[in-house]
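For reference, the structure is listed below as structure tokens.
The values are calculated or read from the model by the stated rules, or taken from the named source; none is laboratory data. In this text the structure is predicted, and so the values were computed from the model without any measurement. Reconstructed Cβ throughout: ideal geometry from the backbone, glycine too, with neighbour counts over all protein chains shown. Note: areas computed on protein heavy atoms with side chains; ligands, DNA, RNA excluded. Shrake-Rupley method; radii C 1.70, N 1.55, O 1.52, S 1.80 Å.
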Amino acid sequence: IVRRDGGDAEARFHLGRLLMGHFKDLDAAEEQLEKAVELTDRNAEYHFTLGNLYGAQAQVVSVFSKMSYAGKVKTEFLRAVELDPGSTQYRTALIEYYLRAPGIVGGSVEKAREHAGELLKRSPYDGHLALARIAAYEEDQKLTEQEYRNASKQNPSRWQAYHRLGYLYLNQQR
């Protein structure tokens, strides 16, 4: 389809995902996903997937190139959140970026906390999980535990909060 119609953003997106996932050809995937985003700039999933690709590429390049890719990850995740502010997946990925990235490329606990607050308004369960992640990052085990408990109270039928709380207890030998 891409050979026949180079302007088909959806075909380029799916080809890029396939190249990235199954074939592990990150450079070819980058070409396809960047073109998909260029053709259809208002698709949050395209931006999110391109951000994930940049993150994967950052894992296999030199230290100097990592900085460039880190900035690209942030840009794409921010765009995905801008286009779909209600997506817990996109906002959670952005929070994780802020926690993992060094300050020189935009890492910031405060920005992570800000987005966790937004997530809390939109999805209390996911917001509490995000706040627990931030508390764990800051090595505040008491607050981490409390946020997992808050999440499980928000939605007792979802398993992730219990699972993570169990691992917290295992790590504490409780």
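The angle separating the long axis of helix 109-122 from the principal Cα axis of greatest extent in the chain is about 90 degrees. Working from label points 7 Å from Cα in the Cα-to-Cβ sense, the residue 67 to residue 143 distance is 3.0 nm.
Annotation: residue 1 carries an accessible surface of approximately 110 Å², with a 1.4 Å probe and no ligand, DNA or RNA atoms counted.
Quick one: grab the alpha carbon gyration tensor of the stretch 22-174, order the square roots of its eigenvalues as a ≥ b ≥ c, and give me rounded if a/c is under 1.5, else prolate or oblate depending on whether a/b is larger than b/c. Since a/c reaches 1.5 and a/b is larger than b/c, the shape of the stretch 22-174 is classed as prolate. Using a probe of 1.4 Å, the accessible surface attributed to residue 104 totals some 130 Å² when neighbouring protein chains are kept in position. Can you give the longest stretch of the chain with no exposed loop site, where a site means GluC sites (Glu not before Pro) in a DSSP loop (not H, G, I, E or B) with at most 16 other C-beta atoms within 10 Å? After excluding every exposed loop site, the longest remaining stretch is 1-137.
How much accessible area per residue does the chain have, in Å², with a 1.4 Å probe?
57 Å²
Per DSSP H run of n ≥ 4, the term is -39500 (n - 2.57); total these for the chain, divide by its residue number, and report the mean residue ellipticity at 222 nm rounded to 500 deg cm²/dmol.
Taken over the chain, the calculation gives -24500 deg cm²/dmol.
Per-residue Karplus couplings for the stretch 4-14, computed as 6.51 cos²θ - 1.76 cosθ + 1.60 with θ equal to phi - 60°, are listed in order as 6, 9, x, x, 8, 4, 5, 5, 5, 4, 5 Hz, Gly and Pro entered as x. Where the alpha-carbon atoms of the stretch 27-109 are placed on the principal axes, they occupy 31, 31, 15 Å, in descending order.
Exceedance of the 32 Å cut-off in Cα-Cα distance is limited, within the set 74/142; 24/142; 24/153; 66/142; 72/153, to 24/142; 24/153; 66/142; 72/153.
Counting only alpha carbon atoms, the long axis of helix 44-58 and the longest principal axis of the chain meet at about 90°.
Taking the C-alpha atoms only, the angle from helix 88-100 to the longest principal axis of the chain is near 80 degrees.
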